[in-house]
1. Going toward the positive end of the dipole of the chain, with +1 on Lys and Arg Cβ and -1 on Asp and Glu Cβ, which of PRO77, VAL34, PHE17 do you reach last?
2. Please list, in order along the range 14-27, the HN-Hα scalar couplings obtained from phi with the Karplus expression 6.51 cos²θ - 1.76 cosθ + 1.60 (θ = phi - 60°), rounded to whole Hz, x for Gly and Pro.
3. Run down the lysines and flag those whose C-alpha is under 26 Å from the C-alpha of LYS80, throwing out any fewer than 8 positions away in its chain.
4. Would you calculate the separation in nanometres between label points at PHE46 and VAL34, each defined as 7 Å from the Cα along the Cα-to-beta-carbon direction?
5. For a quick check of your reading of the filter: which trypsin sites (Lys or Arg not before Pro) in the chain sit in a DSSP loop and have no more than 13 other Cβ atoms within 10 Å?
6. With +1 assigned to the C-beta of every Lys and Arg and -1 to the C-beta of every Asp and Glu, and no other charges, what is the dipole magnitude of the range 3-73 about the Cα centre in debye, to the nearest 20?
7. Could you compute the FRET efficiency for MET1 and ALA56, with r as their C-beta to C-beta distance and R0 at 35 Å, rounded to 0.05?
Amino acid sequence: MTDIERKKLDDLVARVFTLAYELGTNVDELFKEVRKLRFETKDKDFEAALINLEHAFFMVAQSINILKEQTRNATIPTKKLA
């Protein structure tokens with residue numbers, strides 16, 4: 001890996017982690033609103049739809065975690081000894 005590639009990777013990693021943090025924060029805020037709405041409704045069909053939506057938020061959160069993990073994995077070659 002060249003120094004230029006390493007610098008580009010460092011920049012990319014920083015941008016990915018910033019994005020993941022921002023996405024996670026926004027997803028969490030929306031999730032809380034959906035969950036509150038689910039607890040407040042008396043409509044069982046609407047409640048079921050909101051449960052499905054909560055599950056989708058969980059899947060997004062898992063995807064963000066995978067993105068962070070794979071980003072960390074991309075840095076492994078930078079730690080190899082020449």
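1. Going by the Cα projections, it comes out as PRO77.
2. Once θ is set to phi - 60°, the couplings for the range 14-27 become 4, 5, 5, 5, 5, 4, 4, 5, 5, 4, x, 5, 5, 4 Hz.
3. Candidates past the 8-residue exclusion: LYS7, LYS8, LYS68.
4. So the two model labels end up 1.7 nm from each other.
5. LYS42, LYS80
6. Here the range 3-73 has a charge dipole of around 120 debye.
7. With a Förster radius of 35 Å, E is 0.40.
Bear in mind these aren't lab numbers, they're just calculated from the coordinates by the rules spelled out. No experiment lies behind these values; they were computed from the predicted model shown. For neighbour counting, all protein chains shown are included, and Cβ atoms are generated from backbone atoms with ideal geometry for every residue, glycine included.
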